[in-house]
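Take a look at the structure below.
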Amino acid sequence: MKKTLSFLLSFVLVLSVFSLCPAAFAVTAQKKTMLQYTSLNLTFEKDEADKYTCSVTNNNGKYISVDASDDGNYFWLMVTSNKATGNNKPTITVYKVKDGKKTTYKKYQIVVNPVHKVKMKNIKINKGTGKRIKLINPYYDCKDYNLEYNKKIIKITQYLYDGDEAYYTLKGLKKGKTTVKAYLSGTKKLIGSFTVTVGDYKATVKKSKQNITIYYNPHISSKYLELGTFNLGETIYNYHENSVYTYTAKNAKLVGYNSIGKTEITPKSVRIFSKGTGKTTLTVYEKRGKAKKKKIGTINLSIKKAKDSAVFSSNMELDNDGIFYENFISPSESYDLKSAVVNRYINNSQTGSHFKSSEYTFTAKSNHPEIISVDKNGVCTCHQIDKDGVHKITYTVTFKDGSKVTLSGAFDTVDEDFWN
């Protein structure tokens, strides 16, 4: 009797636990906060065989828009905020679907905050000149800025968006002052404003450019070396449209120059390049129209030794496609990879770069030598078609100064009748 009673009590306890399970394992909604006119990516990975769907509740005011799609290894879930939610709580529920039944998998409660103002900086510019300006746009993924201003005084052209940073070219057309108002496109939401004053301001060397470092390597012309040059015109603050900017160097043996024309945002000036390592002081001059040349500032220039690997990468910058791009090879054919690397990236007639063979070493290996092998001389030989695209050739150039470059790529293996 006692055993029977004990069994019944155990059975009741088990039933009680099962009855509590749904509540115990209820899915709690995750709170997600957004700004109005922004988007939120809630996409997640899944097994391709699994199926998911979703629903949106408490969204009669259309506070958010949801774009969802079950596609292969992902459940794509993008949320766009349309207006502030206030006390409303739109909720997205994601369900896992199996045998026609839906089980709650995830829940998101979305809070949309109203737009807020963005602080923008006032600008001064000389008549007839241009400069780049940057405006922060936290709503960039849904809305651009619509700028309103006096178009007789200035001209503003958008040229780049980089995340929430919007870049524009500003040009001063005539002396005067105007307020630039930034509205979100398609709305009357004023996000920020700033004042532009077009006048006649004194040209100086920018504080951020009064100390400059560039590099030099004897194996290449500095005109082609990464960070081997700088544009003197880019160092001028408040340049004038009819001016030319030049320099003199305390140690003239360290630098050379070539003349360059003006652009939308820089004056007619010179590009300075390194001719050796060391330090020198540059005195910068402005010649405005027919007026006499006058000193407007100085630059402390430091020239450091660039690693030999920088010569390699500088040469590589000129090779748009690279060695492996559309380099077709058939079984029994060979390709001299070492010679290609040496002639393009180590010794390059265009940049004037040159190294003795004793100043570097070249090594290469293949991860699938049964498809393409590489010998000690850097010659690659194809043995079979790479049907699965698995082979990779990795090569390393080590320079005498200790710097090195490691790169990899794959050939396009084709049948010998490919071109017929």
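Over the chain, dividing the summed -39,500 (n - 2.57) contributions of all DSSP H runs of at least 4 residues by the number of residues returns a 222 nm mean residue ellipticity of -3000 deg cm²/dmol. When the Cα convex hull of region 24-74 is projected onto planes of every orientation, the mean area is 5.0 nm². Multiplying the residue separation of residue 251 and residue 132 by 0.36 nm and subtracting their alpha-carbon distance yields 39.6 nm. Here the 3J(HN,Hα) profile of region 34-47, calculated from phi with Karplus coefficients 6.51, -1.76 and 1.60 at θ = phi - 60°, is 10, 8, 4, 6, 10, 10, 9, 9, 10, 4, 9, 7, 7, 6 Hz, Gly and Pro shown as x.
Could I get the Rg over Rh figure for region 171-269? Both from C-alpha atoms, Rh via Kirkwood, rounded to two places. Using Cα coordinates only, the ratio equals 1.12. D by Stokes-Einstein for region 89-190, Kirkwood Rh over Cα pairs, 10 °C, 1.306 mPa s: 94 µm²/s. Entry comment: accessible area of the chain is 59 Å² per residue, from protein heavy atoms only and a probe of 1.4 Å.
The figure for residue 298 is an accessible area of roughly 50 square angstrom, using a 1.4 Å probe on the protein chains alone. Rg/Rh, computed from the Cα trace of region 288-336 with Rh as the Kirkwood radius, has the value 1.41.
Considering the convex hull of the alpha carbon atoms of the chain, report its projected area averaged over all viewing directions, in nm², one decimal. For the Cα atoms of the chain, the hull's average projected area reads 37.6 nm².
Expressed as a fraction of 2.2 N^0.38 Å, the C-alpha radius of gyration for region 121-172 is 1.18. Only one residue of 403, 252, 66 has its Cα farthest out toward the positive end of the dipole of the chain, where Lys and Arg carry +1 and Asp and Glu -1 on Cβ, and that residue is 252. Kirkwood's formula applied to the C-alpha pairs of region 308-378 gives a hydrodynamic radius of 13.6 angstrom. Pairing the Cα long axis of helix 308-317 with the longest principal axis of the chain, what angle in degrees results, from 0 to 90 and rounded to the nearest 10? Roughly 80 degrees between the two axes. Karplus-derived 3J(HN,Hα) values for region 204-220, using 6.51 cos²θ - 1.76 cosθ + 1.60 with θ = phi - 60°, are 9, 7, 4, 4, 6, 10, 7, 10, 10, 10, 10, 10, 9, 9, x, 8, 8 Hz; glycine and proline are entered as x. Shape verdict for region 132-228, please, from the Cα gyration tensor: rounded (a/c under 1.5), prolate (a/b greater than b/c) or oblate. In terms of gyration-tensor shape, oblate.
Here the chain has 49 percent of its accessible surface on carbon and sulfur atoms, given a 1.4 Å probe and all protein chains in place. In order along region 362-378, phi translates into HN-Hα couplings of 10, 9, 8, 8, 10, 7, 9, x, 6, 9, 9, 9, 10, 8, 5, 8, x Hz, rounded to whole numbers, per the Karplus curve 6.51 cos²θ - 1.76 cosθ + 1.60 with θ = phi - 60° and x for Gly and Pro. Summarised in one figure, the compactness ratio Rg/Rh of region 278-415, Cα atoms and Kirkwood Rh, is 1.24.
Computed from Cα atoms, the angle from the helix 2-24 axis to the main principal axis of the chain rounds to 40 degrees.
The values are calculated or read from the model by the stated rules, or taken from the named source; none is laboratory data. Here the structure is a predicted model, which means the values were calculated and not measured. Backbone-built Cβ (ideal geometry, glycine too); neighbour counts: all protein chains shown. Heads up: the accessible areas ignore ligands, DNA and RNA and are worked out on the full protein's heavy atoms, side chains in. Shrake-Rupley method; radii C 1.70, N 1.55, O 1.52, S 1.80 Å.
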